[in-house]
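Working notes, structure below.
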Amino acid sequence: MNLTNNDILIRLRYALDIKNTEMVEIFKLGGIELSKEEVLKVLTKTQYSEDFEEEIIEDDDHIPCDDEMYESFLNGFITFKRGPKPGQQERPELTYEHVNNLLLKKVKIALSLTSEDVIEILDLAGVVITKGELGAILRREGHNNYRVCGDRYARNFLKGLAIQYRG
């Protein structure tokens with residue numbers, strides 16, 4: 001089953017022990033105004049039909065996190081952790097890259113991680129990746145050597161973050 005944007009946010013929040021009020025602030029820094037109640041609805045697991053073919057969305061209990069909301073959160077996370085860039089516009093421009101690539105890039109920036117740190121975090125989760133493979137994932141989409149980050153790497157990156165920051 002593929003990771004949804006909601007699943008990634010749930011796992012990232014757990015891994016880094018981000019409080020509900022901080023989630024509201026991070027979304028706001030990314031240009032998305034959500035109440036604490038709405039954030040909690042974003043942080044609910046997506047329900048699927050028994051054959052996992054379609055999402056079952058109950059509007060009252062769940063807010064799907066689209067790519068714009070997801071990238072806005074990650075941009076807000078960078079600002080939350082590092083402060084605004086000097087001369088930064090209100091809301092950073094969205095790139096709409098693949099969600100897993102964005103996760104690695106933006107969390108790497110927010111937490112001031114080196115490529116070696118990311119490799120070590122993946123290693124904590126039992127995944128071996130070369131510096132070249134990581135470099136391809138971190139490249140700008142459209143670059144000759146760009147590679148899409150699969151769910152396996154994203155899932156294990158989040159698992160490694162949880163081991164490192166909560167373990």
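The values are calculated or read from the model by the stated rules, or taken from the named source; none is laboratory data. What you see is a predicted model, and the numbers here were worked out from it, not measured in a lab. Neighbour counts run over all protein chains shown; Cβ positions are idealised from the backbone, glycine included. What goes into the accessible areas is simple: the full protein's heavy atoms, side chains included, and nothing from ligands, DNA or RNA. Shrake-Rupley method; radii C 1.70, N 1.55, O 1.52, S 1.80 Å.
General observations
For every residue, the table says whether it meets (1) in contact with an Asp or Glu (Cβ under 8 Å, 6 or more places away or on another chain); (2) among the hydroxyl-bearing types (Ser, Thr, Tyr); (3) closer than 20 Å to LEU12 by Cβ.
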| site | (1), (2), (3) |
| --- | --- |
| SER72 | no, yes, yes |
| LYS85 | no, no, no |
| ASN101 | yes, no, yes |
| GLU116 | no, no, no |
| ILE119 | no, no, yes |
| LEU122 | no, no, yes |
| LEU134 | no, no, yes |
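- Residues in segment 2-19 that are in a helix (DSSP H, G or I) and either on the phi > 0 side of the Ramachandran plot or open to solvent by less than 40 Å² (accessible area, probe 1.4 Å) (or both): 8 in all.
- Sub-6 Å Cβ pairs linking a first residue in segment 145-167 that is under 22 Å from ASP17 (Cα atoms) and open to solvent by less than 20 Å² (accessible area, probe 1.4 Å) to a second residue that is outside any helix (DSSP H, G or I) and modelled with pLDDT of 95 or more, at least 6 apart or interchain, are GLY160/ALA125, ordered by first then second residue.
- Filter pass, LEU103 being within 20 Å of PHE27 (Cβ to Cβ), surrounded by 13 or more Cβ atoms within 10 Å (Cβ to Cβ) and at pLDDT 95 or above: yes
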